[in-house]
Amino acid sequence: MLRKWTFRAVIAYLLIGIAVYVYLFYLAGSTVPDHLKGTSVDPATFLNSREIMLSEEYSKIRNLLYFISTPYEWLFYFLILIFGISKGFERWAESTSRLHIIQSAIYLFLLSVISFVVTFPLSYISYRFSKAYNISTQTFSLWMKDEVIDFWVNFIEMFIIVTVLYWLMKRFKRRWWVPAWLLSIPFMIFMMFIQPVVIDPLYNDFYPLKNKDLETKILALAEKANIPAEHVYEVNMSEKTNALNAYVTGIGSNARIVLWDTTLEQLNEKEILFIMAHEMGHYVEKHIYFGIAGYIILTGIGLWITAGVMNRLVRKKGTELKVTAVSSLSSLPLFLLITSVLLFAASPITNWVSRYEEMRADRYGMEMTNDKKAAVQTFQDLTKSGLSQVNPPFLVKIFRYGHPTMLERIRMVEDFKKK
Ligand SMILES: [Zn+2]
């Protein structure tokens, strides 16, 4: 039985890998449609042939890595269950202490370590690769430092979640997902509140904009959008990457707009102002709050499905999965496996919503700046600095793109008419 399941799981994984490879490298096209050749969306008009070739290669390999990493994680959770490794960790944790809280800390630590070790090769390949294409500028030790911080941040977050979750599972039996959902709401809001002030600074330095001349212009724009001045920050990213970015984060008094210093260094003033106006669009249209609402709904549905599937699987296949009860810690990989599959399955929807919001933010940016040239150039520069595809394959777009494709963004700007 064990051998048969392992064999099937590994074969399924390999088949997924081959299918993705064939799709990305042979079937899917990413060229610009004929009628748009030679226009501002055509990479041939703003990249040299070497950059075009690199961006194609880089995007293909990155997409491949993404699509093989997710099922790799599923395979890992599955094998760790059927080989009884999770069960072994649980026994170990139980033999050390009678206290639930200590048992969950020990179990989770063991699971986190093995999961870190098993996923490390893929993370490392991804890092080396990004470095080879000159996107990442991080030294190995700096990169490793981030990995270690990641490990501990995840561990602490998971420790809180798992301890409470398994306590609820014991206490509420089959209906555990209801209190888990209700508690996830204040927890998530709390995490979003502390993210910019507690978690993000563990990785990078944040400070008010250094370029005072630019700051004045940005603040003038912020005033036009009714955004209080203390919400604009710069982050030191140039020691890690050449890519460009800006984003809106946090809620309440911790809400802020953050610009990577790479963006400030590589783009001209008009482009930066367009990007700022875009970010202000997210802020003004309160996308973070819609995000929270969406998250609450998805978490509810997700936990309900997870509970249903888990209860059923443990009842019917508990022996094979080496899980005696849903509420025993050894079922955690099963919980993580189901939620990961659900998140992946939901990603076309969440990405679609995100792309809609990004489109709105782009429109807002145009309303504020009304500078087509700067906007088009921004998107072209973003393509160049991130070596991204202007017109990615369909599956890549629906599973990976939280922003409209560059082709769509540039087209929108070109067709834009101010109200
Ligand atoms: Zn945006």
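The values are calculated or read from the model by the stated rules, or taken from the named source; none is laboratory data. Please read all numbers here as calculations on a predicted model, not as lab measurements. Cβ coordinates were reconstructed from backbone atoms using ideal geometry, including for glycine residues, and neighbour counts include every protein chain displayed.
Things to note:
- Within the range 226-252, residues that are more than 15 Å from Ser136 (Cβ to Cβ) have Cβ atoms under 7 Å from residues that are within 16 Å of the ligand (Cβ to nearest atom) and polar (S, T, N, Q) in these pairs: Ala246/Thr263, counting only partners at least 6 apart in sequence or on another chain.
- Residues of the range 336-359 that turn out to be crowded, with 18+ Cβ neighbours inside 10 Å, touching a residue at least 60 places away in the same chain (Cβ under 8 Å) and either more than 16 Å from the ligand (Cβ to nearest atom) or closer than 19 Å to Ser104 by Cβ (or both), as a count: 3
- Residues of the range 256-274 classified as at pLDDT 90 or above, within 13 Å of the ligand (Cβ to nearest atom) and in contact with a helix residue (DSSP H, G or I) (Cβ under 6 Å, 6 or more places away or on another chain), total: 1
- In the set (1) of a type in the set (Ser, Thr, Tyr); (2) exposed (fewer than 14 other Cβ atoms within 10 Å of the Cβ); (3) modelled with pLDDT of 90 or more, the condition left unmet by Ser253 is number (3).
- Tabulated pairs, the range 193-210, first farther than 19 Å from Glu147 by Cβ, second assigned to a helix (DSSP H, G or I) and of a type in the set (Val, Ile, Thr), C-beta under 7 angstrom, 6+ apart or interchain: Leu209/Ile218
- Filtering the range 1-56 to residues that are farther than 15 Å from Val390 by Cβ and in a loop (DSSP other than H, G, I, E, B) leaves only Met1.
- Matching residues, the range 360-389, being buried (at least 22 other Cβ atoms within 10 Å of the Cβ) and either over 29 Å from Leu221 (Cα atoms) or of a type in the set (Phe, Trp, Tyr) (or both): Phe379, Leu387, Gln389
- Any chance Ser59 is closer than 17 Å to Met406 by Cα and part of a loop (DSSP other than H, G, I, E, B): no
- Considering residues of the range 362-419 that are free of Cβ contacts under 8 Å to residues at least 40 places away in the same chain and within 15 Å of the ligand (Cβ to nearest atom) only, the residue farthest from Ala345 (Cα to Cα): Phe379
- Residue in the range 274-290 that is nearest to Glu223 (Cα to Cα), counting only those that are surrounded by fewer than 23 Cβ atoms within 10 Å (Cβ to Cβ) and out of contact with any strand residue (DSSP E or B) (no Cβ under 9 Å at 6 or more places or on another chain): Val284
- Just one of (1) surrounded by 15 or more Cβ atoms within 10 Å (Cβ to Cβ); (2) away from the ligand (no atom under 16 Å from the Cβ); (3) not in a helix (DSSP H, G or I) fails for Thr324. It is (1).
Rundown of residues vs (1) touching a Ser or Thr at 6+ places or on another chain (Cβ under 7 Å); (2) closer than 25 Å to Thr263 by Cα; (3) at pLDDT below 95, yes/no style:
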position: Asn311; (1), (2), (3): no, no, yes
position: Leu336; (1), (2), (3): no, no, no
position: Arg355; (1), (2), (3): no, yes, no
position: Ile398; (1), (2), (3): no, no, no
position: Asp415; (1), (2), (3): no, no, yes
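- Residues (hydrophobic (A, V, I, L, M, F, W, C) and buried (at least 17 other Cβ atoms within 10 Å of the Cβ)) located in the range 80-107: Ile80, Leu81, Ile82, Ile85, Phe89, Ala93, Ala105, Ile106
- Reported count of residues in the range 238-289, each being of a type outside the set (Lys, Arg), in a loop (DSSP other than H, G, I, E, B) and farther than 20 Å from Ile194 by Cβ, is 9.
- Identity of the residue in the range 62-112, hydrophobic (A, V, I, L, M, F, W, C) and not in a helix (DSSP H, G or I), that ends up farthest from Phe159 (Cα to Cα): Phe83
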